[in-house]
Ligand code: UTP
């Protein structure tokens, strides 16, 4: 039987983003820029680079800026044309060329409920999920591409994971399993959302990249609210693992937890340093800061 291709991706972006208040009161957290590009654009680009053909964004109220960002902007384009700012014009046009579908999650009942909103868009095929809280830098092979490659070989749901420090396990879905085939690949036998460190079955955390079989929708329809009184995708995936093969795969790449302030700042600094236009000057500035030993009056 031919393996079904992963053609579609779902990007949930309906959450309130409370960890970034007050910035996220009227601005979606997905629009916060890492240097000069909104976080959501890094995620959309990763999906496209990985071979995904169609993207569904799950939004909610106060998220209209995301739709505007991926729309055309005739007045701005005319102005850039008039001023002969061709590089900027190309940047603006490129974002409008990306074809994205949108659906609104009416009540923020949790990530599991957000994924359930994608049921009719996905139909009966495997699909990718990317969360904007995790940005992964891997210029050779994106995190999602690595998961798709595993999916195509093992034909089961694949969860993108990395090891996190023990004091961070309570922030993630944690999995445990038995090693199979490829390096870094486990067949999942246990999964817990946000466990206390003493209850965590391992330090292997699910980090915002998934390839999921469509059987998940039937399970999500039956999933009761779990921790935080939210419908948890982790709970539904664990139920799926009881009936079908679910794999956890340790993907390669530098991952930034941009859902929290420190992680967001780390991503900003490192992405800026990698840029050829501002990287060298920014490095000089950082050296000055360090010379002052953190004393701002010495800068
Ligand atoms: P988070 O809980 O990390 O996102 O959900 P949040 O709620 O936006 O952030 P904080 O904790 O209040 O700061 C993980 C992902 O699931 C989406 C979020 O947008 C985020 O991408 N999500 C969460 C939904 O789409 N709908 C929900 O009901 C909950």
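The values are calculated or read from the model by the stated rules, or taken from the named source; none is laboratory data. Here the structure is a predicted model, which is why all the values come from computation and not from measurement. Heads up, the Cβs are rebuilt from the backbone with ideal geometry, glycines too, and the neighbour counts pull from every protein chain shown.
Residues in the range 171-183 that are over 18 Å from residue 129 (Cα atoms) and crowded, with 16+ Cβ neighbours inside 10 Å: 176, 177.
Output yes when any residue across the range 66-82 is within 25 Å of residue 266 (Cβ to Cβ), surrounded by 14 or more Cβ atoms within 10 Å (Cβ to Cβ) and at pLDDT below 95, and no when none is. Scanning the range 66-82 turns up at least one residue that is within 25 Å of residue 266 (Cβ to Cβ), surrounded by 14 or more Cβ atoms within 10 Å (Cβ to Cβ) and at pLDDT below 95. In the condition set (1) more than 14 Å from the ligand (Cβ to nearest atom); (2) at pLDDT below 90; (3) surrounded by 14 or more Cβ atoms within 10 Å (Cβ to Cβ), residue 141 is compliant with all but (2). Taking first residues from the range 231-243 that are over 17 Å from residue 158 (Cβ atoms) and within 11 Å of the ligand (Cβ to nearest atom) and partners that are at pLDDT 95 or above and not in a loop (DSSP other than H, G, I, E, B), the Cβ contacts under 6 Å between residues at least 6 apart in sequence or on separate chains come to 231/112; 231/113; 232/112. Scanning the range 153-174 for residues that are within 16 Å of the ligand (Cβ to nearest atom), out of contact with any helix residue (DSSP H, G or I) (no Cβ under 7 Å at 6 or more places or on another chain) and in a helix (DSSP H, G or I) yields 168, 171.
Sub-6 Å Cβ pairs linking a first residue in the range 6-27 that is at pLDDT 90 or above to a second residue that is more than 10 Å from the ligand (Cβ to nearest atom) and assigned to a loop (DSSP other than H, G, I, E, B), at least 6 apart or interchain, are 6/126; 7/53; 9/52; 10/118, ordered by first then second residue.
If you go through the range 106-134 and keep only what is touching a strand residue (DSSP E or B) at 6+ places or on another chain (Cβ under 8 Å) and either near the ligand (Cβ under 8 Å from one of its atoms) or more than 25 Å from residue 5 (Cβ to Cβ) (or both), you end up with 111, 114, 131, 132, 133.
Does the range 145-152 contain at least one residue that is free of Cβ contacts under 8 Å to residues at least 24 places away in the same chain, under 12 Å from residue 249 (Cβ atoms) and away from the ligand (no atom under 15 Å from the Cβ)? Full working, then the answer.
Just the residues of the range 145-152 that are free of Cβ contacts under 8 Å to residues at least 24 places away in the same chain, to begin with: 149.
If we keep only those that are under 12 Å from residue 249 (Cβ atoms) as well, we get 149.
Those still in the list that are away from the ligand (no atom under 15 Å from the Cβ) too: 149.
Checking the range 145-152: at least one residue is free of Cβ contacts under 8 Å to residues at least 24 places away in the same chain, under 12 Å from residue 249 (Cβ atoms) and away from the ligand (no atom under 15 Å from the Cβ).
Quick one: which helices (runs of 4 or more DSSP H) sit completely within the range 1-97 and have at least 2 residues that are within 13 Å of the ligand (Cβ to nearest atom)?
Values: elements: 39-49, 64-69, 74-82, 86-97.
Helices (runs of 4 or more DSSP H) meeting the threshold: 39-49.
Filter the range 97-107 down to the residues that are touching a residue at least 12 places away in the same chain (Cβ under 8 Å) and under 17 Å from residue 42 (Cβ atoms), then identify the one that is surrounded by the fewest Cβ atoms within 10 Å (Cβ to Cβ). In this case the residue turns out to be 98.
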